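The values are calculated or read from the model by the stated rules, or taken from the named source; none is laboratory data. What you see is a predicted model, and the numbers here were worked out from it, not measured in a lab. Here the Cβ is made from the backbone with ideal geometry for all residues, glycine too, and neighbour counts use every protein chain on show.
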Amino acid sequence: MTNPYVPILIMMAVALLLGVGGLTASRHIGPQVYNRAKLEAYECGIMPTPQAIGHGRLNIKYYLVAMTFIVFDIEVVFLYPWAVAFTDLAVFGVVAMLTFIALITVPYIYEWRRGALSFD
């Protein structure tokens, strides 16, 4: 009888081999010509300035919108399996999900109060 972990180890070895093999092949087959433009950091076509406008600080709304996306993305990830197993979870599942949704509303209310959801 074989070990049940052998197929997983084989798959990991093949994935590692493909990853390392691809990197090695691109290093040896690809062009080796490096110029000044290729070695510079990518700046979206805009010449970098010594000091950015506003000292490089972004508006808090950008971070709050990103936080909203992450929070609600995580909520969907947890709501989908709960909806699939809804009948098996009974009352405990409903209470747990209501608690989870209540905790999710806290950052939403915070962002709403900070004005991140009003785009002028």
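Of note:
- Count - residues of region 24-58 that are modelled with pLDDT of 70 or more and surrounded by 10 or more Cβ atoms within 10 Å (Cβ to Cβ): 2
- Of the residues VAL65, VAL71, the single one that is in contact with a Pro (Cβ under 6 Å, 6 or more places away or on another chain), at pLDDT below 85, part of a helix (DSSP H, G or I) and under 30 Å from LEU117 (Cβ atoms) is VAL71.
- Number of residues in region 90-120 that are modelled with pLDDT of 85 or more and of a type in the set (Gly, Ala, Ser) equals 2.
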